[in-house]
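The values are calculated or read from the model by the stated rules, or taken from the named source; none is laboratory data. On a predicted model such as this, the values are computed, not experimentally measured, just so you know. When we count neighbours, we look across all protein chains shown, and the Cβ atoms used for this are built from the backbone with ideal geometry, even at glycine.
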Amino acid sequence: MSQINAKPVRIVMLDDDPEDALLVSTAIKRLEYDVPFQHIQTSQAFTSYLSEDYITQSRESVVMLLLDLNMPCKTGLEWLKELRSEAQYKDLIIVVFSTSGMTEERVRSLSLGADEHLGKPDRVQDLTRKLDILCRRYV
């Protein structure tokens with residue numbers, strides 16, 4: 001991943017399940033390059049992140065959001081609609097990260113502006129491979 005003038009990738013995960021975050025963190029550590037990772041568990045904390053950290057981070061790196069659809073308070077689809085309606089988040093890479101393999105959910109996510117729809121794999125090796133592909137694609 002050493003391209004001239006390419007920004008590094010940073011992964012931010014909005015997911016209320018700490019086990020999913022542990023799976024992603026473990027997969028990221030297995031990559032052959034460094035990818036900063038930040039897990040955000042609540043919609044309130046994500047709102048704070050957007051107002052306090054996102055702009056700075058997006059200047060320094062490509063920010064990829066792993067977005068869980070089944071969030072309490074504000075669903076992933078609601079976040080997706082909101083983020084895609086605001087110009088300041090146009091460069092945010094949004095990857096819906098879902099346990100559901102339903103075709104309708106995938107189509108809906110992509111039609112609302114998700115860049116990718118990734119099923120939550122059971123094995124760390126599978127997730128590492130998928131994250132590697134995504135990171136390389138968006139650098």
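For the stretch 19-51, give me each residue that is of a type in the set (A, V, I, L, M), touching a residue at least 60 places away in the same chain (Cβ under 8 Å) and either out of contact with any strand residue (DSSP E or B) (no Cβ under 6 Å at 6 or more places or on another chain) or assigned to a helix (DSSP H, G or I) (or both). Even if it seems obvious, please write down each step before you answer.
Filtering the stretch 19-51 for residues of a type in the set (A, V, I, L, M) gives 21-24, 27-28, 31, 35, 40, 45, 50.
Then drop every residue that is not touching a residue at least 60 places away in the same chain (Cβ under 8 Å), which leaves 23-24, 27-28, 31, 35.
Passing the criteria: Leu23, Val24, Ala27, Ile28, Leu31.
So, in the stretch 23-59, of the ones that are among the aliphatic types (A, V, I, L, M) and surrounded by fewer than 15 Cβ atoms within 10 Å (Cβ to Cβ), which residue ends up nearest to Thr99 (Cα to Cα)?
Checking each candidate, the answer is Ala45.
So which residues in the stretch 119-138 are modelled with pLDDT under 90 and closer than 16 Å to Asp68 by Cα, if there are any at all?
Residues satisfying the conditions are Gly119, Lys120, Pro121, Asp122.
Out of (1) in a helix (DSSP H, G or I); (2) buried (at least 17 other Cβ atoms within 10 Å of the Cβ), what's the single condition that is false for Leu69?
Leu69 satisfies all of (1) in a helix (DSSP H, G or I); (2) buried (at least 17 other Cβ atoms within 10 Å of the Cβ) except (1).
Return the total of residues in the stretch 130-139 being surrounded by 15 or more Cβ atoms within 10 Å (Cβ to Cβ) and either assigned to a helix (DSSP H, G or I) or not hydroxyl-bearing (Ser, Thr, Tyr) (or both).
Qualifying residue count for the region: 6.
Applying the selection to the stretch 75-89, what residues are more than 16 Å from Gln44 (Cβ to Cβ), assigned to a loop (DSSP other than H, G, I, E, B) and either charged (D, E, K, R) or modelled with pLDDT under 95 (or both)?
The answer is Glu86, and nothing else.
Regarding Asp16, is this residue within 14 Å of the chain's Cα centre (by Cα), under 21 Å from Ser109 (Cβ atoms), assigned to a loop (DSSP other than H, G, I, E, B) and acidic (Asp, Glu)? Write out each step before concluding.
Numbers: within 14 Å of the chain's Cα centre (by Cα): yes; under 21 Å from Ser109 (Cβ atoms): yes; assigned to a loop (DSSP other than H, G, I, E, B): yes; acidic (Asp, Glu): yes.
Against the criterion (within 14 Å of the chain's Cα centre (by Cα), under 21 Å from Ser109 (Cβ atoms), assigned to a loop (DSSP other than H, G, I, E, B) and acidic (Asp, Glu)), Asp16 qualifies.
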